[in-house]
1. Considering Val727, Val755, Val722, Val743, which residue is of a type in the set (A, V, I, L, M, F, W, C) and within 23 Å of the chain's Cα centre (by Cα)?
2. For segment 558-633, which strands (runs of 3 or more DSSP E) that fit wholly inside it have 3 or more residues that are of a type in the set (A, V, I, L, M, F, W, C), at negative phi and modelled with pLDDT of 75 or more?
3. Anything in segment 548-590 that is in contact with a helix residue (DSSP H, G or I) (Cβ under 8 Å, 6 or more places away or on another chain) and of a type in the set (D, E, K, R)? List them, or say none.
4. Taking segment 256-271 as the search range and keeping residues that are farther than 16 Å from Thr729 by Cβ and not hydroxyl-bearing (Ser, Thr, Tyr), which one is surrounded by the most Cβ atoms within 10 Å (Cβ to Cβ)?
5. Checking the condition over 30 Å from Ile626 (Cα atoms) and basic (Lys, Arg), which residue from Arg432, Arg402 passes?
6. Please list, ordered by first then second residue, the pairs with beta carbon atoms under 7 Å, 6 or more apart or interchain, first in segment 626-649 and in contact (Cβ under 8 Å) with a residue 12 or more places away in the chain, second of a type in the set (D, E, K, R) and in a helix (DSSP H, G or I).
7. If Lys619 satisfies every condition in (1) surrounded by fewer than 19 Cβ atoms within 10 Å (Cβ to Cβ); (2) more than 28 Å from Ala193 (Cα to Cα) but one, which is the exception?
8. What do you reckon, is Trp180 surrounded by 13 or more Cβ atoms within 10 Å (Cβ to Cβ), modelled with pLDDT under 75, not aliphatic (A, V, I, L, M) and not in a loop (DSSP other than H, G, I, E, B)?
Amino acid sequence: MKFVPAGMLRPLLALGVLALLGALLFRSVEIRTDMADFLPPAETPEAAFLLAELREGAATTLLLAGIEGAEEAELARISRTMGEALRATGRFAFVGNGTADLTEPEQALLFRYRYLLGNSEGAFAEPALRKGLEGLLDGLRSSLSGVLARLGFADPTGLFLETIKGWLGGSSVQVRHGAWFAGEGPPRALMVARSKALGTDTEAQREAVEAVRTAFEGAGPGEARLLLSGPGVFAASAAAAVRADVERMAILSAVLLLGFLVWRYRSATLLLVVGVPLLAGTLAGALAVALVFGRLQGAALGFGVTMLGVAVDYPILLLTGRRPGEAMADAARRIWPTLRLAAGAAALGLVAMMASGFPGLAQLGLFGAAGLLAGAGVTRWGLPWLAPDAVPARPLPGAVMRGLQGASGRPVLAAALVALALVWLALAGPPRWEDDMARLSPVPKADQELDTLLRAQLGAPDVRHLVALRGASEEAVLRASERVAGALAPLLADGRLGGLELPSRYLPSRATQAARQAGMPERTVLEARLAGAMRGLPFRPGAFAPFLDAVEESRGLPLLDTAAMAVAPLISTRLSPLLSRRGDGWVGMGLLSGVQDAGAVRAAVAGLADPGVLFVDVKGETEAMIADTTAEALIWCGVGALGVLALLGLGLRGGGAALLRAAPIAGAVLVVLAVLSALGERLTPFHLVALLLMAGVGLDYALFLGAATRDPEEAARTAGAVMTCTVTTLLTFGMLALCETPVLRGIGITVSAGVAAAFILALLLAPRAGARA
């Protein structure tokens, strides 16, 4: 170790041991990427259903793809090759691109079951048969003669084509060259896939998206282009955008922060020493979360490490505030009462996050609290051993020191700054709460418009209002679906409801299928009715023998279920998001469009008096969940603030002193709210997290600057130490304010404005050198 300077040996050894412990810890702890941990708790059955769909619903795992930029035959080839490759990966529960539904057995299944799948009630009466035969005769003279010559004599009722048309609904998909194509615009092959992973598992969704892109490249696309959208794509895109923002800003802030610390301390050893409490705090936070929750949320880990940037303040306050000639151990012992009070109060302030009801935020709060306490402990007992002979920090420029000395002890200026914030808030109003989480999405508007277009072309669901269906079995859900269809039929008829998509539209219940079988006439009866309907029409005798055979067969067919329908991808594409197994039960979903009277729809659904059937206004439920959770979080913030005041009162031996130390934090919160209002920012739960972080940082400033001293030099050292902490925090979080991701930008603005305001107010309220508190 002769190549390592003597002073660096201990910090390097400590960092090495901590790194080894960290490697062992993170290898043994499950790190989740499921963002469901950051969803709010459900307070109503409707909210519970909605959250379950966000976590596990098939609609959240859909990937929609378009392939364009080449001739139709080439696009179809690429689509077929991609479909085969994606099915082979095992990542997808379903891949539909037009290939599978063209096989003869699958076409035969749908055609064979046409009278059980379609509404055949009354279709076999003589007047209905006569009308069907006349329509067939007209069709044989039209451009559809080829199709009708093949299908019409086996299905003169036209029920099969009518059912298929109803299934396709608003979709403009067409089958050409063995692949799905959009019906309008330039040639575009269409695909839809459903990932096996949960929609909230961002890492698994990223892997599914990459699998689609790899399959496209492997198909030899040439000049063709891949268009990709869907919730899974958005999740992966959002995660990539956040990661790119964080990486870019982390590099920039690290360079600026390193340069500043090198200038201040002129010592590589001290840079290593400063990193020890941060790494120790990170490990302590991760261990605490693992012990309490049994796993670690990846996003909580990322934000938690950022939050532990506060712990960097502790060694800076010790190293910079040490008196000339004072032993490091003595300096640590001297500042410990203030340091432990600051760390304890900051940790206690995080109780709002731990009690928020969001598992992810609860992890983040516990991570931060445990990490802060560990960082303070390492600073107190570890740093004197790591750097017993630390070189004092470089003095700040004289003009800066004079400015700090001149600003201290000016409460009138502090009151003026807070008053200015209050005036702005009174005139412009406080920032509004964000009730639409879609506005926080980093996904570009063009990508969202592409998603809308592909959904329209494929007929994939785009949910605003829905009916939740729950039952112990598939049959129970399908019967409930049929009751909902009957209850909402009058609203469809009078225009109060524009459209209705239910699972029973594609798969009738077994009871309905059995009833349709029972309603089919015997062969002799049907022959007589058909003969009457054919009277006077130019059809030869025996022409409709296939029809008679089909009806006779339909009377004895085994009933269909989802397992039997799985081989027909066109219908499975529409059915799978609407009907799925969930644990021991089944869940269905009815999608409503063109809702003109939500109250009437709600009343019609409630009139069924079925606890397993619920009307869900997605936007309304989302806003209510956010409002309820935010209100609860604010209450717990108040509880945390009272706890911090109580702790300060105990530590400072007086309620007046506690209020004085807390005053800069309260003032900084008002300043932050004014800044956010002026910038047009909307508040989210993440802003609350940022405010809690700002309060923890600002409390350090208030406690250290508020400590009375008669020695102007010591007061100057303390002010310089606190200013150094302020600059390091601004260099870290100030960069986040430049991010493109709305959440990160909001956190950066909140912490930066709050930390600056807390420092200025704490300095203005600090006693002048030589004064007593």
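The values are calculated or read from the model by the stated rules, or taken from the named source; none is laboratory data. None of these values were measured; they are calculated from a predicted model. Here Cβ is always computed from backbone atoms with ideal geometry, including for glycine, and neighbour counts include all displayed protein chains.
1. After applying the criteria, what remains is Val743.
2. Output list reads 585-595, 613-617.
3. Glu552, Glu553, Arg555, Asp561, Arg574, Arg581, Arg582
4. Leu270
5. Result of the check over Arg432, Arg402: Arg402.
6. Leu648/Arg661
7. Failing condition for Lys619: (2).
8. no
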